[in-house]
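**Student:** Quick one: this structure, given as structure tokens, is what I'll be asking you about.
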Amino acid sequence: MREPLTSETWADALDLYESSYTFVSVAPRDHAQWWLDFASIVRLEARDPRGWRSIDPDEEEFDLRVDPIYPWLAPPATIEEAERFHGRVRELPRSSVRSLLVLLGILGLDVAKASNWERRRPGMERRADVIMSRFPSGTRFHSNLGWKGDHPDFYEQPVTGMDPFSRFGWDAGLIAVNDAEVGVFWAFEPI
């Protein structure tokens, strides 16, 4: 039975990322070109329309005083710049989103190296299902990761590359886009 989506179940679901350096935020979709909404989210200009929990691991970071978009690279500021960002992500089928949401909560993006994986897996998947329930059928999902096949299972195949969006050695993310909201789920690995 699926848990109802409430501010409490959403907050609990985001505990999926308690052990990783992960940014999570959802904001209203205000632009036809959703990359501009993505930019508003990473610049911390847009907030969750429901007032629900977000995660910003750098909220208290000193570097934000010098560079307000730290650790992100400059997101698109115009429609022309947004057009260039389309090639930096691939659309991911909904059937693969759950395993990617879970993977973003595992350090190193490798379930084989995750401690107590089989014991933790059901709880992590339950939380991923709650997150997915916020994004109804018709939502499109995009990731900066590489993968093989049309419906990747991120538990079974390694990530085959990525197009970084940050100043770190690597980062991995998921962008959920529908007519009402844009969600950003991004894990960073500072090296």
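**Student:** Restricting to the range 75-125, give me the number of residues that are part of a loop (DSSP other than H, G, I, E, B), hydrophobic (A, V, I, L, M, F, W, C) and open to solvent by 80 Å² or more (accessible area, probe 1.4 Å).
**Tutor:** The number of residues fulfilling the criteria is 0.
**Student:** Could I ask something else about it? What's the total number of residues in the range 126-138 that are of a type outside the set (A, V, I, L, M, F, W, C), in a loop (DSSP other than H, G, I, E, B) and surrounded by 14 or more Cβ atoms within 10 Å (Cβ to Cβ)?
**Tutor:** 1
**Student:** Specify which of the listed residues (30, 12) is more than 15 Å from the chain's Cα centre (by Cα), farther than 17 Å from residue 187 by Cα and in a helix (DSSP H, G or I).
**Tutor:** Only one candidate passes the filter, namely 12.
**Student:** A follow-up question, please. Taking residue 20, is it part of a loop (DSSP other than H, G, I, E, B), at pLDDT below 90 and open to solvent by 50 Å² or more (accessible area, probe 1.4 Å)?
**Tutor:** no
The values are calculated or read from the model by the stated rules, or taken from the named source; none is laboratory data. On a predicted model such as this, the values are computed, not experimentally measured, just so you know. Methodologically, a virtual Cβ is constructed for each residue, glycine included, from the backbone with ideal geometry; neighbour enumeration extends over all protein chains shown. Keep in mind that these areas ignore ligands, DNA and RNA; they rest on the heavy atoms of the full protein, side chains included. Shrake-Rupley method; radii C 1.70, N 1.55, O 1.52, S 1.80 Å.
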